[in-house]
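The values are calculated or read from the model by the stated rules, or taken from the named source; none is laboratory data. What you see is a predicted model; the values in this text were computed from it and never measured. Positions of Cβ are backbone-derived with ideal geometry, glycine not excepted, and every protein chain shown enters the neighbour counts.
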Amino acid sequence: MARTVLITGGSSGIGLAAAKRFVSDGDRVVITGRHEDRVRSAADESGAEGIVCDGTDPGQVARLAESIGDELDVLVNSAGGLPEFTASAQSQLETTLAEWNAALSKNLLTAVLTTTAVRDRLLASPDGTVISLGAIGADHGAGSYGAAKAALAAWNVVLSSLLGPKGVTSNVIAAGFVDDTNLFHGRMTDRRREGLVEETHDKRPGAVDDIAATIHFLASPGARHITGQTIHVNGGAHTTR
Ligand SMILES: NC(=O)c1ccc[n+]([C@@H]2O[C@H](COP(=O)([O-])OP(=O)(O)OC[C@H]3O[C@@H](n4cnc5c(N)ncnc54)[C@H](OP(=O)(O)O)[C@@H]3O)[C@@H](O)[C@H]2O)c1
């Protein structure tokens, strides 16, 4: 039966790849992003419905939830990325505050606000699931971005414990370096890319479809006993032993 799938940050990269995968199953897929042109073009490309929504804005997130309908089966919190902020001419502390607020807003609060807004709709589904995009940076000391992704993984454990008894699973996918996304805003150098590939065991970058396949699996019947976990998808660049 067709499911309803909401993918925040579905206008590019990993979220867009996941959207295509669910659309090909015949699911109703809603994608979001902050820029209308990108949302519209991703919706045209994938066959998903596009809604412009800044996940850090409670009013926009509330309107997004209302547009979903009464039931939501799959929530993918993919909105996130490196912090966007303006350096203060006044003081280094002001700049530090701006960076950390931006990192936490973009990577943690987008997921917390959206999940809170659609919680009752997920509970209405017979097999609801929340899948949030974490990052290898949570374990590899990536400053404000990594700290925000570590907080996301910590929050997921509590979320799982609250939703689990009501039949909803919740997991984080901690992705390693993934090619062909807008995450690095075109600033990835060849040297840095080679270094990241060298850290893997399989000597290749991640592809958006690697992560989309894991998202798809976590939303499948075979994953119903997996909850409260952080699943690492990184070619061996970070291992849990
Ligand atoms: N690529 C990697 O190497 C990598 C590695 C580990 C984890 N991740 C994580 O994977 C997720 C997807 O990133 P990606 O690699 O696919 O990068 P991407 O291509 O830049 O996709 C990020 C998406 O999030 C949206 N977005 C950003 N801020 C938002 C906000 N406040 N509200 C709503 N949407 C917002 C972007 O659209 P707009 O900018 O138009 O809003 C875009 O659709 C992120 O959480 C990222 O941290 C990526």
- Which pairs do you get when a residue that is over 13 Å from Thr115 (Cβ atoms), found in segment 51-69, comes within reach of a residue that is outside any helix (DSSP H, G or I) and near the ligand (Cβ under 8 Å from one of its atoms), reach meaning Cβ atoms under 6 angstrom, with the pair 6+ apart or on two chains? Ile51/Thr32; Cys53/Thr32; Asp54/Arg34; Gln60/Cys53; Gln60/Asp54
- Task: Provide a single number: the residues in segment 23-59 that are surrounded by 19 or more Cβ atoms within 10 Å (Cβ to Cβ) and out of contact with any Ser or Thr (no Cβ under 9 Å at 6 or more places or on another chain).
- Result: 2
- Pick from Ser160, Ser125: which is among the polar types (S, T, N, Q) and either within 13 Å of the ligand (Cβ to nearest atom) or not in a helix (DSSP H, G or I) (or both)? Ser125
- Query: Among the residues of segment 213-225, is any farther than 22 Å from Thr115 by Cα, assigned to a loop (DSSP other than H, G, I, E, B), more than 16 Å from the ligand (Cβ to nearest atom) and more than 15 Å from the chain's Cα centre (by Cα)?
  - Reply: no
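Report, by residue number, each residue of segment 128-143 that is more than 16 Å from the ligand (Cβ to nearest atom) and assigned to a loop (DSSP other than H, G, I, E, B).
Within segment 128-143, the subset more than 16 Å from the ligand (Cβ to nearest atom) is 128-129.
Residue satisfying the conditions is Gly128 alone.
If I ask for residues that are small (Gly, Ala, Ser) and either surrounded by fewer than 19 Cβ atoms within 10 Å (Cβ to Cβ) or over 21 Å from Arg34 (Cβ atoms) (or both), which ones from segment 106-143 would you list? Quick ask: steps written out before the conclusion?
Going residue by residue through segment 106-143, those that are small (Gly, Ala, Ser) are 111, 117, 124-125, 128, 132, 134-135, 137-138, 141-143.
If the condition is that a residue be small (Gly, Ala, Ser) and either surrounded by fewer than 19 Cβ atoms within 10 Å (Cβ to Cβ) or over 21 Å from Arg34 (Cβ atoms) (or both), then Ala124, Ser125, Gly128, Gly137, Ala138, Gly141, Ala142, Gly143 are the ones that fit.
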- Run Ala89 past the list (1) among the aliphatic types (A, V, I, L, M); (2) more than 16 Å from the ligand (Cβ to nearest atom); (3) modelled with pLDDT of 95 or more and report the number of the one that doesn't hold. (3)
- Picked from segment 14-54 (must be small (Gly, Ala, Ser) and over 22 Å from Ala175 (Cβ atoms)), the residue farthest from the ligand (Cβ to nearest atom) is Gly26
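With Glu84, Glu71 as the choices, which residue is surrounded by fewer than 24 Cβ atoms within 10 Å (Cβ to Cβ), at pLDDT below 95 and closer than 24 Å to Ile173 by Cα?
Going through Glu84, Glu71 in turn, just one is surrounded by fewer than 24 Cβ atoms within 10 Å (Cβ to Cβ), at pLDDT below 95 and closer than 24 Å to Ile173 by Cα: Glu84.
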- Query: Out of segment 59-68, which residues are closer than 24 Å to Ala103 by Cα and either among the hydrophobic types (A, V, I, L, M, F, W, C) or within 12 Å of the ligand (Cβ to nearest atom) (or both)?
  - Reply: Gln60, Val61, Ala62, Leu64, Ala65
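Do we have Asp190 as modelled with pLDDT under 95 and away from the ligand (no atom under 13 Å from the Cβ) here?
yes
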- Note on the structure: The one condition Asp120 fails out of (1) without any contact (Cβ under 8 Å) to a residue 40 or more places away in the chain; (2) touching a Lys or Arg at 6+ places or on another chain (Cβ under 7 Å); (3) under 21 Å from Thr4 (Cβ atoms) is (2)
- Message: If Pro165 meets every condition in (1) of a type outside the set (A, V, I, L, M, F, W, C); (2) within 12 Å of the ligand (Cβ to nearest atom); (3) farther than 16 Å from Ala135 by Cα apart from one, which number is that one?
- Response: (2)
